[in-house]
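Shown next, in structure tokens, is the structure this report addresses.
The values are calculated or read from the model by the stated rules, or taken from the named source; none is laboratory data. Remember, it's a predicted structure, so these values are computed and weren't measured experimentally. Virtual Cβ from ideal backbone geometry, glycine too; neighbours counted across all protein chains shown. The accessibility values were calculated without ligands, DNA or RNA, using every heavy atom of the protein model including side chains. Shrake-Rupley method; radii C 1.70, N 1.55, O 1.52, S 1.80 Å.
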Amino acid sequence: MPTVTLNRKIFEKIVGKKLPIEKLKDRISYLGTDLEEVNEKEIHVEIFPNRPDLLSEGGFARAFATFVGAKKGIKEYSAKPSGKKMIIDNSAKNIRPYTACAIVKGLNLDNEKLREIIQIQEKLHVTYGRHRKKCAIGIYPLDKISFPIKFLAKKPQDIRFVPLGSDKVMTGAEILSKHDKGKEYAHLLAGLEKFPIFEDSKGKILSMPPIINSDTVGKVDKDTKNIFIECSGFSMKVLEICLNIIVCALADMGAKIESIEINAYGKKIITPNLVPRKNKIDINYVNRILGLNLKDNDIKKYLEMMGYGYKNRAVMIPAYRADILHEIDFIEDIAIAYGYENFIAEIPKVATIAKEVPINKLENKIAGVLIGL
């Protein structure tokens, strides 16, 4: 599980409420995260894999603000159409088939904000992206790119650009064998005849995902005001949520989000899609699982404490939440908002004696024999 370092001053500014340090420690722990340390400058907290949206100051502060009552309910985001296009070429279909993209404008970067952006990118790579296998993220200075951008695959010897952190042109194959990041992630492209690249309308290569950006058009610094973001991988749903997590975190820094039209294998997709999803919730089911007697107003209160919207027994799920798969996920969050410390311990009415499942005993015996052989 990743540990993130949050700037306490920025965190408290976004939350809009400053708590005494002991209260702060208590509430962070009961939010469902593992607190490691709080000092005057920083908060060190371990984030569980089901909540990648908490991997930044903005994301963590957003969740904490509703949890402690500083803010209420769902925070909605919107993306204005940019008029820009991304074209996914058929050559990428069996290599790394999908990408989700966005434009973010009006960033006012300093060293601290750059650290935040780098941290969320790297933490998402490690966790949600499964070390870049499931999802890889690229961030570029918008002003150096010409649209439309094409996502395609080429033979390694035909790919030539200066990779980030280098001062000379390399081929795709040379990057994997000579560049530090190339050697680290070479296994993700092992056995492929072609490598994926992002290329702008002037033929400039932006990056070779999931390995490395270009040093000439893929390097963001303090002077960068507008950026282009892409997430590439194998599931459009995964990529869209990853993109949403990033752009919402940047919007919390005061930036504006713009969408991009993606032409993918005969279909048009607009990303990011920041419209909240809706799911029904059964109050009787909630009470049966939790052993409580919550009313509709209670459900609304606790869901809003966890950053959801609620109306007519339907839950509005923020576009950046990656962990909501079933109604039981709402119930877990309701339990967190209600407070685990407030549940009364009860002895179950059903008595059972535990024993190993017979098929597992057989499997263990066979495994032992095979290991011995």
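Laid out as a table, the results:
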| quantity | calculated |
| --- | --- |
| Segments classed as helices (runs of 4 or more DSSP H), wholly inside the range 266-357, with at least 1 members that are under 26 Å from Ser78 (Cβ atoms) | 296-305, 327-338 |
| Hits in the range 46-103 - residues which are among the charged types (D, E, K, R) and touching a strand residue (DSSP E or B) at 6+ places or on another chain (Cβ under 7 Å) | Glu46, Glu57, Lys80, Lys84, Lys85, Asp89, Arg96 |
| Filter pass, Glu193 being open to solvent by 10 Å² or more (accessible area, probe 1.4 Å) and either part of a helix (DSSP H, G or I) or touching a residue at least 60 places away in the same chain (Cβ under 8 Å) (or both) | no |
| Selected residue (only one of Leu109, Leu54, Leu114 is under 19 Å from Glu230 (Cα atoms) and either out of contact with any Cys (no Cβ under 7 Å at 6 or more places or on another chain) or crowded, with 16+ Cβ neighbours inside 10 Å (or both)) | Leu114 |
| Every pair of residues 6+ apart whose Cβ atoms lie under 7 Å, when the first sits in the range 167-190 and is in contact (Cβ under 8 Å) with a residue 24 or more places away in the chain while the second is small (Gly, Ala, Ser) | Ile175/Gly182; Leu176/Gly182; Leu176/Ala186; His179/Ser166 |
| Number of the condition not met by Leu19 [criteria: (1) in a loop (DSSP other than H, G, I, E, B); (2) open to solvent by 40 Å² or more (accessible area, probe 1.4 Å); (3) out of contact with any strand residue (DSSP E or B) (no Cβ under 9 Å at 6 or more places or on another chain)] | (2) |
| Flag if Ile289 is open to solvent by 10 Å² or more (accessible area, probe 1.4 Å), more than 24 Å from Pro210 (Cα to Cα) and aliphatic (A, V, I, L, M) | yes |
| Any hit, the range 153-175, residues being out of contact with any Ser or Thr (no Cβ under 9 Å at 6 or more places or on another chain), under 17 Å from Phe234 (Cα atoms) and modelled with pLDDT under 95 | no |
| Residue check, Asn226 within 11 Å of Ala136 (Cβ to Cβ), open to solvent by 10 Å² or more (accessible area, probe 1.4 Å) and modelled with pLDDT of 95 or more | no |
| Set Ser82, Ser78: member being open to solvent by less than 50 Å² (accessible area, probe 1.4 Å) and out of contact with any helix residue (DSSP H, G or I) (no Cβ under 7 Å at 6 or more places or on another chain) | Ser82 |
| Test: residue in the range 26-44 that is under 24 Å from Cys242 (Cβ atoms), in a helix (DSSP H, G or I) and within 19 Å of the chain's Cα centre (by Cα) | no |
| Test: residue in the range 65-74 that is in a helix (DSSP H, G or I), under 21 Å from the mean Cα position of the chain (by Cα) and within 28 Å of Glu261 (Cα to Cα) | no |
| Scope the range 103-151; condition among the polar types (S, T, N, Q) and free of Cβ contacts under 8 Å to residues at least 60 places away in the same chain; matching residues | Ser146 |
| Residues that are buried (at least 20 other Cβ atoms within 10 Å of the Cβ) and part of a loop (DSSP other than H, G, I, E, B), drawn from the range 96-105 | Arg96 |
| Residue under evaluation Lys9, criteria (1) part of a loop (DSSP other than H, G, I, E, B); (2) of a type in the set (Lys, Arg); (3) under 22 Å from Ile245 (Cα atoms), criterion not met | (1) |
| Tally of residues being in contact with an Asp or Glu (Cβ under 7 Å, 6 or more places away or on another chain), among the aliphatic types (A, V, I, L, M) and under 19 Å from Lys71 (Cα atoms) across the range 1-34 | 2 |
| So Ser91, is it among the polar types (S, T, N, Q), more than 30 Å from Lys154 (Cβ to Cβ) and either out of contact with any Ser or Thr (no Cβ under 7 Å at 6 or more places or on another chain) or modelled with pLDDT under 95 (or both) | no |
| Count - residues of the range 106-146 that are part of a helix (DSSP H, G or I) and either within 18 Å of the chain's Cα centre (by Cα) or among the polar types (S, T, N, Q) (or both) | 15 |
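A quick yes/no check of all residues on (1) open to solvent by less than 10 Å² (accessible area, probe 1.4 Å); (2) of a type in the set (Gly, Ala, Ser); (3) part of a loop (DSSP other than H, G, I, E, B); (4) modelled with pLDDT of 95 or more:
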{"position": "Ser207", "(1), (2), (3), (4)": "yes, yes, no, yes"}
{"position": "Val220", "(1), (2), (3), (4)": "no, no, yes, no"}
{"position": "Glu230", "(1), (2), (3), (4)": "yes, no, no, yes"}
{"position": "Ile245", "(1), (2), (3), (4)": "yes, no, no, yes"}
{"position": "Met253", "(1), (2), (3), (4)": "no, no, yes, no"}
{"position": "Glu261", "(1), (2), (3), (4)": "no, no, no, yes"}
